Amino acid sequence: MMKRREFIRMLGGAAAAWPLAASAQPVIPVVGFQTCLGQNERPNLRDAFRRGLSEVGFVEGRNVAIEYRFAEGHPDRLPALAADLVGRKVVVIAATGGGASVLAAKAATTTIPVVFTTAGDPVQQGFVASLNRPGGNLTGISWFGAQVSGKGLGLLHELIPNTAVVALLANPNLPESGRIISDAQEATRSFGQQLLVLNASTPREINAAFATARQQRAGALYVGGDPFFTSRRQQIVALATRDAIPDMYANREFVVEGGLMSYGNDVTDPYREAGRYVGRILKGDNPADLPVLQSTKFEFVLNLGTAKALGIAVPNSLQLLADEVIE
C-alpha cells in the first residue's frame, strides 16, 4: 500500500510537469492577408488562397491562423494595414488585390516573407530582381494581366469592326495602368482606331469619364483589370448599359453583372498558387529561391443577353471561342 509521503511526492512531481507539458504545445503560425478589395468583394479569391494552403497541409483554424486586412477600395490605407501586420509579427504576408498592396508590404518589411499576386510585371515594377531568382523577401504569382488588353480589344474589334473610337477606362493610381494603356494603344493603332484614355479613381470621376465618352462619340469601351473598378462594377456596367456602349472587361464579374464581354485570367488560380507558396514558406522554403510563377489560365466570357439588348449579332465563331456563354 502506497505511503502518504510517497503519494504526496508523486503528486507534486506530476504537478510540476504540467506547465512543461503545456509549453510543449505547438505554436500556430499567423499569416497576414492584405488586399485592396473590400471584405465582401470576391470572397472566392480568399477561398482559393485557403485551398492552396490546405494543399500543402495548412488548414485555417487548425494549424495556421490568418489575419485579414481589407483596404475597401482605398489604396492609401494599405501602408497602415501592412505596418499593422508587421507589428503583429506575422510569419508571412500575402499581398493581394493589385500592385499597390505589394508596394505597401515591400515598404513595410525587408525581413518577413511576402507572397504577392499581381497583374503586372514584377521585375518591371521593382518587386523582384528576376522571375527565376527573386533574391529578396518577395516572391509570388503574376498573371501579366496588364499585357492582355490587346487580346481583349482584338475580340471587341472582331465583334464590332467599324468602331472608330474606343474608350479606355484607366485608374492612374494603379501601378499597372501604364502597361495597360500602352498595350491598348498598340492594339487600337493596328486596327486603325483611335484610343480615348479616360482616367478615373473615384466614383465621381467614373461618371465624368462616361460623360466624356459620350461627348467624344466613343463606339466601344474597354475596362482593364483594377481592384477599384471591380468594386465599382455595378456603377460601371449600369453606365455602359445606359449609354448602350459595347463593353469589354478583364474580369468575368462584370459580365455576370450585365457587361458584354470579358477576357482575362482566371484569377482564382494565382490565389490558390499564392496559398501554396505561403504554405511552402511556412515549411521552411526561402522566398528568395522560389521563382515567380506565371499564371496561364485565361477565360473569355460572353453575355448573349447583353449583345441582344445592344442589337449586336454575335457570330457563331465567336461564341465557340468563349469559355462561358451567359444567355
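The values are calculated or read from the model by the stated rules, or taken from the named source; none is laboratory data. Not measured: the values here are computed from a predicted model. A quick note on method: Cβ atoms are made from the backbone with ideal geometry, for glycine too, and the neighbour counts reach across all protein chains shown. Just so you know, the surface numbers come from the protein's heavy atoms only, side chains and all, with ligands and any DNA or RNA stripped out. Shrake-Rupley method; radii C 1.70, N 1.55, O 1.52, S 1.80 Å.
Fully extended, how many nm does the chain gain between residue 319 and residue 88 (0.36 nm per residue separation, minus their Cα-Cα distance)? Before the final figure, lay out each step's value.
Numbers: separation 231, 0.36 × 231 = 83.16 nm, distance 5.01 nm.
Computed gain between residue 319 and residue 88 is 78.1 nm.
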May I ask for the angle, rounded to the nearest 10°, between helix 78-87 and the longest principal axis of the chain, with both axes built from Cα atoms and the value confined to 0 to 90°?
10
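Per residue, how much accessible surface does the range 59-112 expose to a 1.4 Å probe? Answer in Å², no decimals. Walk me through the numbers before you get to the answer.
Working: 2490 Å² over 54 residues.
With the other protein chains kept in place, the range 59-112 gives 46 Å² per residue.
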Calculate how steeply helix 99-108 sits against the longest principal axis of the alpha-carbon atoms of the chain, using the helix alpha-carbon long axis, and give the answer as 0 to 90 degrees to the nearest 10.
30
Among all the lysines, which ones have a C-alpha under 23 Å from residue 297's C-alpha, if same-chain residues fewer than 8 places away are not counted?
151
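If you count the DSSP beta bridges with both ends in the chain, what percent of them are antiparallel, to the nearest 5? Please list the in-between numbers first.
Working: 5 of 45 bridges.
Antiparallel bridges make up about 10 percent of those DSSP assigns within the chain.
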Pick out, from 101, 134, 156, the residue whose Cα sits farthest towards the positive end of the charge dipole of the range 76-166, with +1 on the Cβ of Lys and Arg and -1 on the Cβ of Asp and Glu.
134
When a/c is below 1.5 the answer is rounded, else prolate if a/b is larger than b/c, else oblate, so apply that to the range 15-138 with a ≥ b ≥ c taken from the square roots of the Cα gyration tensor eigenvalues.
prolate
Cα-based Rg/(2.2 N^0.38 Å) for the chain, rounded to two decimals, is 1.24
Candidates 276, 242, 252, ranked by Gaussian network fluctuation over the chain, Cα under 10 Å, top entry
242
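Once you have the Kirkwood Rh of the range 134-186 from its Cα pairs, apply Stokes-Einstein at 25 °C and 0.890 mPa s and quote D in µm²/s.
On the way: Rh = 13.0 Å.
The Stokes-Einstein estimate is 189 µm²/s.
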Could you pull the Rg and Dmax for the range 191-252, using just the Cα atoms, both in Å?
11.1, 32
Here the net charge surrounding residue 124, from other residues whose Cβ is less than 12 Å away from its Cβ (Lys, Arg +1; Asp, Glu -1), is -1
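Just check the range 135-248 against the gyration tensor rule for me: Cα atoms, a ≥ b ≥ c as the square roots of the eigenvalues, rounded for a/c under 1.5, and otherwise prolate or oblate depending on whether a/b exceeds b/c. Numbers along the way, then the final one.
Working: a/c = 2.09, a/b = 1.32, b/c = 1.58.
Here the range 135-248 falls in the oblate category.
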Rg/Rh over Cα atoms for the range 171-312, Kirkwood Rh, comes to 1.05
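Compute the FRET efficiency between residue 186 and residue 27 as 1/(1 + (r/R0)^6), taking r as their Cβ-Cβ distance and R0 = 56 Å, and round to the nearest 0.05. Spell out each step's value before the answer.
Details: r = 52 Å, r/R0 = 0.93.
E between residue 186 and residue 27, to the nearest 0.05, is 0.60.
Tell me, what does the Kirkwood hydrodynamic radius of the range 107-200 come to in angstroms if you use every pair of distinct C-alpha atoms?
Numbers: mean 1/r = 0.0671 Å⁻¹.
Every distinct Cα pair counted, the radius reaches 14.9 Å.
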Subtract the Cα-Cα distance of residue 211 and residue 289 from 0.36 nm times their separation in residues, and report this length gain in nm to one decimal.
23.2 nm
Can you give me the C-alpha center-to-center distance between the range 254-306 and the range 154-217, rounded to a whole angstrom?
24
Roughly what angle does helix 4-23 make with the longest principal axis of the chain, taking Cα atoms, 0 to 90 degrees, to the nearest 10?
20
Approximate spin-label separation residue 39-residue 62, in nm, with each point projected 7 Å along Cα-to-Cβ
2.6
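Using the crude model of +1 on Lys and Arg Cβ and -1 on Asp and Glu Cβ, and no other charge, please compute the dipole size for the range 219-297 relative to its Cα centre, in debye to 20.
Values: 9 positive and 10 negative charges, 36 e Å.
In total the dipole reaches around 180 debye.
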Could you grab the relative contact order for the chain? Cα pairs under 8 Å, six or more apart, rounded to a whole percent.
20
For the chain, set up a Gaussian network in which alpha carbons nearer than 10 Å are linked by springs, and say which option among 217, 69, 272 fluctuates the most.
217
Which log10 I(q)/I(0) values, to two decimals, does the range 264-304 give at q = 0.21 Å⁻¹ under the Debye formula with one point per Cα?
-0.71
Out of every Cα pair in the range 235-308, what percent are spaced more than 20 Å from each other?
48
